[in-house]
Amino acid sequence: MIHSDPSQPQTLGADLRALRKARGLTLSALGDVLGRSVGWLSQVERGMSEPGMEDLRLIARALDVSLSSLFRQNPGRVQEQDFIVRAQGRRPIGSRAAGLVEELLSPDLTDDFEVVHSTFMPHSRIRETVQRPTQEVGYLLAGTLEIEIDGTVHSLTEGDSFRIRGEPFRWANRSDREAVAIWVIAPPVY
């Protein structure tokens, strides 16, 4: 997705629109879930209205994201806002369930993909398989990781990469040290 006016910083509304669309929801469907009008949601997505904290909680729940993922941690200098994410400015995303810590490396969620820094804690795993309508590629920067894709378990070591095209998957870090991966997901899901 190419931004037509790069001088305009991306907003919370643009991220909400990207998340809504990634989940295949219309403004009307999300409005029904939230008990809000299509007009109000449209204004929020266009940055013309600011939702309150309770609205944000409801939106996060409806879009299945953490509330904290909706906020930039440290937006940095204005001229960097849509282009650069400083290490201390990464947004935490995901639920931190099962010993997984994820941070958004992309400046926002308005592109056709997102880039995520994933840290898998020692002896952590997800028990249930995950399946989502995405294409995903991961690159293991450090440690070891088992990833089960469509019922087949693959053992990854530093420097290995993988691809998931909508197949069910789950992961496990069976080692005594953290595993770190860069994960690219299209369309954005967080």
**Message:** Give me, ordered by chain and number, the residues 5 or more places off S66 or on other chains with an amide H under 5 Å from its own placed amide H.
**Reply:** G94
**Message:** For region 137-178, place one equal point scatterer on every Cα, skip the solvent, and apply the Debye formula. What is log10 of I(q)/I(0) at q = 0.18, 0.27, 0.28 Å⁻¹?
**Reply:** -0.47, -0.97, -1.02
**Message:** Return the Rg/Rh ratio of the chain with Cα-based radii and a Kirkwood Rh.
**Reply:** 0.99
**Request:** Using θ = phi - 60° and the Karplus relation 6.51 cos²θ - 1.76 cosθ + 1.60, list the HN-Hα couplings for region 28-41 in order, rounded to whole Hz, with x at every Gly or Pro.
**Result:** 5, 5, 5, x, 4, 5, 8, x, 10, 7, 4, x, 5, 4
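How high is the relative contact order of region 64-170, given as a whole-number percent (alpha carbon pairs under 8 Å, six or more residues apart)? Could the numbers behind the result be given before it?
Working: 175 pairs, mean separation 19.9, N = 107.
Here the relative contact order equals 19 percent.
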**Fill in**
Once phi for every residue in region 80-94 is put through the Karplus expression 6.51 cos²θ - 1.76 cosθ + 1.60 (θ = phi - 60°), the whole-Hz ³J(HN,Hα) values, with Gly and Pro written as x, are 9, 3, 8, 10, 10, 10, 6, 3, 6, x, 5, 8, x, 9, x
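Would you work out if region 96-136 is rounded, prolate or oblate? Take a ≥ b ≥ c from the square roots of the eigenvalues of the alpha-carbon gyration tensor; rounded if a/c is under 1.5, else prolate when a/b is larger than b/c, oblate otherwise. Present the calculation step by step, with values, prior to reporting the outcome.
Values: a/c = 3.33, a/b = 1.50, b/c = 2.22.
Oblate shape, in that a/c is at least 1.5 and b/c is the bigger or equal ratio.
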**Request:** Take the alpha carbon gyration tensor of region 111-171, find the square roots of its eigenvalues, order them as a ≥ b ≥ c, and report rounded if a/c is under 1.5; if not, report prolate when a/b exceeds b/c, else oblate.
**Result:** oblate
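Is the C-alpha gyration tensor of region 85-190 telling us rounded, prolate or oblate? Criteria: a/c under 1.5 is rounded; beyond that, a/b larger than b/c is prolate, otherwise oblate.
Working: a/c = 1.67, a/b = 1.21, b/c = 1.38.
Here region 85-190 falls in the oblate category.
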**Item:** Residue-normalised accessible area of the chain, expressed per residue, 1.4 Å probe, Å²
**Value:** 54
**Request:** Please name whichever of G138, A22, F113 sits farthest to the positive end of the charge dipole of the chain, dipole taken about the Cα centre and charges placed at Cβ: Lys and Arg +1, Asp and Glu -1.
**Result:** A22
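If you average the sequence gap of Cα pairs under 8 Å that are 6 or more apart and divide by the length of the chain, what percent do you get for the contact order?
Working: 373 pairs, mean separation 38.6, N = 190.
Once divided by the residue count of the chain, the mean separation gives 20 percent.
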**Item:** Backbone HN-Hα couplings from phi across region 167-173 [Karplus 6.51/-1.76/1.60, Hz, Gly and Pro as x]
**Value:** 6, x, 8, 7, 9, 8, 10
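The values are calculated or read from the model by the stated rules, or taken from the named source; none is laboratory data. Owing to the predicted nature of the structure, the values given are computational and were not obtained by experimental measurement. Neighbour counts are summed over all protein chains in view; Cβ atoms, including those assigned to glycine, are modelled from backbone coordinates with ideal geometry. Keep in mind that these areas ignore ligands, DNA and RNA; they rest on the heavy atoms of the full protein, side chains included. Shrake-Rupley method; radii C 1.70, N 1.55, O 1.52, S 1.80 Å.
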